[in-house]
Amino acid sequence: MSAFEYYAKKSEDSVSRKRKNKKKLKKTPVKISKNEKGDENPKKNRSFDLDNIYNLNLKNSSKTGQKLLEWLIHPISINDFMRDHWEKAILHVPRNSSDYFSQLFSLTELDTILRENNLQYGTNVDITSYTDNVRETHNPVGRAQPHVVWDYYTNGCSVRLLNPQLFAPEIYKFMANLQEYFGSLVGCNVYLTPPFSQGFAPHYDDIEAFVVQVDGEKHWRVYKPRSKFETLPRTSSRNFHQDEIGEPILDVILRPGDFLYMPRGYIHQADTLFTETHSLHLTFSSYQQNSMYDFLKVVINNSLINAEKNDVSYRSGLPVGYQHFGGLCESEKSLPQTVQRQQFENKIKQLLTNLKNHMDLDHDIDMFSLKNYYTNSLPPSICNDELLRTVANGTKMLPNGKSTGEVNLEIAEVKLIRGNCFRLVEESMLDEETDQMTNELRLYYNLDNSKLLHGNECQFVVIPDEMGLFVKKLFNVYPSFIKVSDLCDDNEQVMQLVNDLWERGLLITSKNITTTPNSN
């Protein structure tokens, strides 16, 4: 008997975690399928599909991410999805294929994660409930001990695993590859809900949500945004009362293998009140604060910085007495607008119109994507076959005391290890010796990022100006390989650059070129 089953079936002498003045819900152990008990081997067809998709990383990482999205929404095509649903409308895909998502996660894996890791309440695990229109969080302080978590569960509370990519390899691999397509952070939460319960109040989120039903069943109700002001919101909502949200546009039970997409702003709630079974689902997310508004904030700020440097009119002073040209109190006066007010308004409009002349869209894209994606994204998931063709397969100590690792890059074909984990950026830097601003080329990369989203300081390599051309060539030939000899053309400085990128793990060769010396 697994620890999961043990805690789920624990007798009445277990410490009660009931909430005050709440009726104790019926204890119903989660039924673990034969596959999860290990009595039968899981079906291979869907796992085989995913493995095939991941193998595309050897060719083009963005294509791999696209194929993962196609796998999620199958049989809907990406073109149809983007035209009819993306940021517009929900998509429900029922499937008669209970093992469709079995490779991603399982109940047994959740139990193992709880038992083998030091998970903290509020950081890694939330205990929640929603009863009599009241949403509550029941997190104690400190470590989420498995027997305590399961006791909460058997007393009607839902369990939310907040950052499963730290503990679940398949979820991490899926997220790291999917972000290559979106070019935006991809997150994930795991939700386990006991029978006859609901864990969360009706609400909407600030992300595009991809709901994957892994085990059990869950009753979902989805509602349109209440107004145009809550359409595609940049922040999540408060908890709503039932009488605030109207009638659902979707009322459905998700079963294992089923999929649901919801644009941000669509109100939703889910329960197991009538399904008489538990539910385990994953919610993948993307496009959090990745809107035109967020991008324009960067564009306008950078344009103002450029305008201030290059156009004296943006540095001219405000008119004397501008405070009296307008304002809440001034607008209440019955007198017509003064000539000074009209002149001031015309001046502001002219400066705003001229601001577009100071826009540098290439730089803005670099800055926004660096801050919103590369700095905070997951590191790429590198498979074993790829590791054999990177610096990770470099020098090793042999039992006889000798070392391996003679790598002859001059005969190699190389490419960037991923298509969307690098950013070549030109930044203005202050030279402390001359007190002058100088430009510096930096190649940022997320290879050394942590698996905890938003917890990184993106690493970079300073690229000499004369070497920028060769780095751009690596970008432009991707996903194809290029011979190092063709890239370098006997240029020692370029060869040194290739070695630097290789030693940081940023390049991959078309085949294993590490030689092993004679061990005699």
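The values are calculated or read from the model by the stated rules, or taken from the named source; none is laboratory data. All values derive from a computational prediction rather than experimental measurement. Every residue, glycine among them, receives a Cβ derived from its backbone with ideal geometry; neighbour counts consider all protein chains shown. To get the accessible areas, we keep the full protein, side chains included, count just its heavy atoms, and leave off ligands, DNA and RNA. Shrake-Rupley method; radii C 1.70, N 1.55, O 1.52, S 1.80 Å.
Using only the Cα atoms of region 122-180, construct the convex hull and provide its projected area averaged over every direction, in square nanometres to one decimal.
5.3
Percent relative contact order of the chain, based on C-alpha pairs within less than 8 angstrom and at least six residues apart?
Answer for the chain is 14 percent.
Leaving ligands, DNA and RNA out of it, work out the accessible area of TRP71 with a 1.4 Å probe and give it in Å² to the nearest 10.
Surface accessible to solvent at TRP71 totals approximately 20 Å².
What does the charge add up to near ASN439, with Lys and Arg as +1, Asp and Glu as -1, over the other residues with Cβ less than 12 Å from its Cβ?
That works out to -4.
Going by accessible area, probe 1.4 Å, with all protein chains left in place, what is the ranking of GLU109, GLU457, GLU413, largest first?
GLU457, GLU413, GLU109
Determine the order of ASP486, ASP99 by accessible area, beginning with the largest, at a probe radius of 1.4 Å.
So, going from the largest accessible area down, we get ASP486, ASP99.
Over region 423-471, average the accessible area per residue using a 1.4 Å probe and give it in Å², no decimals. Intermediate values should be presented prior to the final figure.
Numbers: 2970 Å² over 49 residues.
Result: 61 Å² per residue.
Which value in Å does the Kirkwood hydrodynamic radius of region 97-207 take, with 1/r averaged over all unlike C-alpha pairs and then inverted?
One over the average 1/r among Cα pairs gives 15.2 Å for region 97-207.
Using protein chains only and a probe of 1.4 angstrom, how many square angstrom of ILE207 are accessible, to the nearest 10?
20
Please arrange CYS383, CYS421, CYS329 by accessible surface area, largest first, computed with a 1.4 Å probe and ligands excluded.
Largest accessible area first, the list is CYS329, CYS383, CYS421.
Averaging over every viewing direction, what projected area does the convex hull of the Cα atoms of the chain cover, in nm²?
With every direction weighted equally, the projected area is 35.5 nm².
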